[in-house]
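Trainee: Attaching a single structure in structure tokens format; questions to follow.
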Amino acid sequence: MSTLDELFAKISAGRKTAIPTGPVEAIIVGLGNPGKQYEGTRHNAGFMALDTLAAALGVRVDALRFKSLCGDAVIGEKRVLLLKPGTFMNLSGQAVQEAAAYHKVPMDRVLVLMDDVSLPVGGLRIRKKGSDGGHNGLKNIIYLTGRDDFPRVKIGVGQKPHPDYDLADWVLGRFSPEDRKTLQPLFDQMPEICRLFAQGKLEEAMSRYNRTPASKPARQEEGTP
């Protein structure tokens, strides 16, 4: 007859996802705006990236904590908190500051997934630190934590069509089907990028995944701002 330990081992071996144990060692934050009306918008590229990561890990991001939806994951043999702030973009720092303080996670172990209008659609830039670059989510995180030396994955969503176009209208507009198709392979790389981050191999992730494809004329999906 199997012992209880052997039985539990068999059950664990049959699970699709590892059970997180021990302290949280890193936090991965997807930036976006909550609500159905913002789904599929350029400003929600960080949410979309985190959703892809969670799906690949078999993790649900639905626990309400730190003004966020949270998920508990094991990435690169490290316990990692997945975070989707429930505040609007310009208040993202509230969730990040609270979660990092509670779990005593230093800011260099907080990875932010975010949209970037300075990169063409499908471009990707991993950075160890930097300014907010005019991004309201980053701006609030830097303001509330007092730190700008946290890594971030910048997901290219394309520049606005012309200089006079309102930037808020652009980032709150939805991706065209063509752009979604271009972005999907990038989202599919998130599990590997995040694994390297969790293992302290951010420079390797930068050398493998940083890319800037040729820019294309910006196209606006009909019926969106």
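The values are calculated or read from the model by the stated rules, or taken from the named source; none is laboratory data. Since the model is a prediction, treat every value here as computed from it, not as a measurement. Using ideal geometry, Cβ is built from the backbone for each residue, glycine included, and neighbour counts are taken over all protein chains shown. Keep in mind that these areas ignore ligands, DNA and RNA; they rest on the heavy atoms of the full protein, side chains included. Shrake-Rupley method; radii C 1.70, N 1.55, O 1.52, S 1.80 Å.
Trainee: State all residues of region 131-153 that are in a loop (DSSP other than H, G, I, E, B) and closer than 28 Å to R195 by Cβ; if no residue qualifies, say none.
Mentor: If we filter region 131-153 for residues that are in a loop (DSSP other than H, G, I, E, B), which is where we start, we get 131-135, 146-151.
Result: S131, D132, G133, H135, R147, D148, D149, F150, P151.
Trainee: Okay, moving on. Identify the residue in region 141-157 that is in contact (Cβ under 8 Å) with a residue 40 or more places away in the chain and open to solvent by 20 Å² or more (accessible area, probe 1.4 Å) and, among all such residues, is farthest from L81 (Cα to Cα).
Mentor: Start the filter on region 141-157 by keeping residues that are in contact (Cβ under 8 Å) with a residue 40 or more places away in the chain, which leaves 141-145, 147, 149-157.
Remaining after also requiring open to solvent by 20 Å² or more (accessible area, probe 1.4 Å): 142-145, 147, 149, 154.
Details: I142: 19, Y143: 22, L144: 19, T145: 18, R147: 19, D149: 19, K154: 19 Å.
Going through the qualifying residues, I end up with Y143.
Trainee: Among the numbered criteria (1) in contact with a helix residue (DSSP H, G or I) (Cβ under 8 Å, 6 or more places away or on another chain); (2) outside any loop (DSSP other than H, G, I, E, B); (3) modelled with pLDDT under 90; (4) of a type outside the set (A, V, I, L, M, F, W, C), which single criterion is violated by G71?
Mentor: Status for G71: all satisfied but (3).
Trainee: List every residue pair whose Cβ atoms sit under 7 Å apart, with the two residues 6 or more apart in sequence or on different chains, where the first one lies in region 198-214 and is under 25 Å from R79 (Cα atoms) and the second, anywhere, is in a helix (DSSP H, G or I) and small (G, A, S).
Mentor: Matching pairs, first to second residue: none at all.
Trainee: When you check K201 against the structure, is it within 23 Å of V96 (Cα to Cα), out of contact with any strand residue (DSSP E or B) (no Cβ under 6 Å at 6 or more places or on another chain), at pLDDT 95 or above and not aromatic (F, W, Y), yes or no? Show your work before the answer.
Mentor: Details: within 23 Å of V96 (Cα to Cα): yes; out of contact with any strand residue (DSSP E or B) (no Cβ under 6 Å at 6 or more places or on another chain): yes; at pLDDT 95 or above: yes; not aromatic (F, W, Y): yes.
Considered against the rule, which asks whether it is within 23 Å of V96 (Cα to Cα), out of contact with any strand residue (DSSP E or B) (no Cβ under 6 Å at 6 or more places or on another chain), at pLDDT 95 or above and not aromatic (F, W, Y), K201 comes out as yes.
Trainee: List every residue pair whose Cβ atoms sit under 6 Å apart, with the two residues 6 or more apart in sequence or on different chains, where the first one lies in region 37-53 and is open to solvent by less than 20 Å² (accessible area, probe 1.4 Å) and the second, anywhere, is aromatic (F, W, Y).
Mentor: Note: pairs meeting the criteria are N44/Y38; A49/F187.
Trainee: For the structure I just gave you, tell me whether L196 is of a type in the set (A, V, I, L, M, F, W, C) and open to solvent by 70 Å² or more (accessible area, probe 1.4 Å).
Mentor: Values: of a type in the set (A, V, I, L, M, F, W, C): yes; open to solvent by 70 Å² or more (accessible area, probe 1.4 Å): no.
For L196, the condition - of a type in the set (A, V, I, L, M, F, W, C) and open to solvent by 70 Å² or more (accessible area, probe 1.4 Å) - is not met.
Trainee: Condition test on L119, is it hydrophobic (A, V, I, L, M, F, W, C), touching a residue at least 24 places away in the same chain (Cβ under 8 Å) and surrounded by fewer than 17 Cβ atoms within 10 Å (Cβ to Cβ)?
Mentor: Working: hydrophobic (A, V, I, L, M, F, W, C): yes; touching a residue at least 24 places away in the same chain (Cβ under 8 Å): yes; surrounded by fewer than 17 Cβ atoms within 10 Å (Cβ to Cβ): no.
It is false that L119 is hydrophobic (A, V, I, L, M, F, W, C), touching a residue at least 24 places away in the same chain (Cβ under 8 Å) and surrounded by fewer than 17 Cβ atoms within 10 Å (Cβ to Cβ).
Trainee: List the pairs whose first member sits in region 10-28 and is open to solvent by 50 Å² or more (accessible area, probe 1.4 Å), whose second member is at pLDDT 85 or above and among the aliphatic types (A, V, I, L, M), and whose Cβ atoms are under 7 Å apart, counting only residues at least 6 apart or on separate chains?
Mentor: If the second residue must be at pLDDT 85 or above and among the aliphatic types (A, V, I, L, M), the pairs left are A18/V74; E25/V80.
Trainee: Let me ask something else. With the condition kept exactly as written, say whether any residue in region 84-106 is open to solvent by less than 60 Å² (accessible area, probe 1.4 Å), assigned to a strand (DSSP E or B) and not hydroxyl-bearing (S, T, Y).
Mentor: Within region 84-106, one or more residues are open to solvent by less than 60 Å² (accessible area, probe 1.4 Å), assigned to a strand (DSSP E or B) and not hydroxyl-bearing (S, T, Y).
Trainee: L113 versus (1) outside any helix (DSSP H, G or I); (2) in contact with a Ser or Thr (Cβ under 6 Å, 6 or more places away or on another chain): which is the lone unmet condition?
Mentor: Failed condition: (2).
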